[in-house]
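To keep things clear, I will list the structure first and then write my remarks on it.
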Amino acid sequence: MYGSWAGQLPRVRRLRAEDWSLLKKVRLEMLTDTPMAYVESLEAARRQTDAQWQERTAAMAGDSSVTLVADGGADGSPFCALMRVVVKHPQDPQKPLQAMLISVYVAPEHRGLGLADELLHAACEAARVDLGAKVLELGVHEDNTRALAFYRRHGFNTTGDSRPYPQDTSKRELVMEKVLEQ
C-alpha cells in the first residue's frame with residue numbers, strides 16, 4: 001500500500017523552518033529521480049551548505065509562499081512528497097491575482113495512490129485562502145502526458161501559451177491554469 005508505512009496514510013502539512021534537513025534530503029531525491037523537472041541541478045543542490053539549506057527552508061516556510069509536504073505522520077519522518085505555491089511575478093494585469101504551482105514531487109513508491117490528488121487539493125486551497133489567488137498556474141513539459149492528464153483531471157486547462165523548457169530549450173513548457181473556487 002504505502003511501502004514501509006503500510007496501512008498508514010502520509011500526513012500532509014506545511015513545511016516548517018526547522019525541517020531544513022528533511023527538505024535537503026527530499027530535494028536531492030527529487031533532483032536524482034527527475035533531473036529535467038527542476039531548474040536546479042543536483043550538483044548545485046549538493047554544493048549548498050547547511051546554512052544555505054536553513055535559509056532556503058525558512059524562505060519556503062515564510063508568508064509569501066505555501067510549501068506542503070507529506071511525511072510519515074511523526075515529526076522528523078522523511079518527506080515522501082512536496083508541492084509549493086507562490087504568488088506569480090510578474091502578474092498579468094488582465095487577470096485576478098495569480099499563484100504558481102512549483103516544485104511538485106511524489107516519491108516513486110507513493111505515485112498512483114492518491115497522494116498527489118490530496119496534495120494538489122491542499123495546494124489549490126492554500127493558493128486561494130492563504131495567498132488570496134483567484135487563478136493557479138503551472139508549467140508542464142510538452143512530452144509529460146501523465147502530468148498533463150493529471151492536471152486536466154483536476155480542472156486545469158492549457159492556456160495556449162508556452163515557453164522554452166529551461167533545461168532543454170528545444171522543448172516547450174505548456175502553461176496550464178485553473179480558476180480557483182471562491
- Query: Using modelled backbone amide H atoms (1.01 Å from N, in-plane), which distant-in-sequence or interchain residues come within less than 5 Å of R172's amide H?
  - Reply: E142, Y165
- Query: Counting only residues 5 or more places away or on other chains, whose amide H sits under 5 Å from the amide H of K88 once H atoms are built in the peptide plane?
  - Reply: Q98, A99, M100
- Task: State the Cα centre-to-centre distance between region 116-168 and region 35-112 in whole Å.
- Result: 14 Å
- Item | Kirkwood Rh in Å, taken over all unlike Cα pairs in region 14-150 | 15.7 Å
- Using Cα atoms only, what is the angle between the long axis of helix 115-129 and the major principal axis of the chain, expressed in degrees (0 to 90) to the nearest 10? 60 degrees
- Considering only L82, L23, L42, give the residue with the highest GNM mean-square fluctuation for the chain, with springs between Cα atoms whenever their separation is below 10 Å. L42
- Note on the structure: With the 1.4 Å probe rolled over protein heavy atoms, region 133-182 has an accessible area per residue in Å² of 57 Å²
- Note on the structure: Expected vector for region 36-53, Karplus 3J(HN,Hα) from phi with 6.51, -1.76, 1.60 and θ = phi - 60°, integer Hz, x for Gly and Pro, equals 7, 7, 10, 5, 7, 8, 4, 4, 5, 5, 5, 6, 5, 7, 4, 4, 5, 5
- Query: What's the angle, to the nearest 10 degrees (0 to 90), between helix 20-33's Cα axis and the longest principal axis of the chain?
  - Reply: 60 degrees
- Item | Normalised contact order of the chain, rounded percent, pairs of Cα under 8 Å and 6 or more residues apart | 18 percent
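The values are calculated or read from the model by the stated rules, or taken from the named source; none is laboratory data. Everything numeric here is computed off the predicted structure, so don't read it as measured data. Heads up: the accessible areas ignore ligands, DNA and RNA and are worked out on the full protein's heavy atoms, side chains in. Shrake-Rupley method; radii C 1.70, N 1.55, O 1.52, S 1.80 Å.
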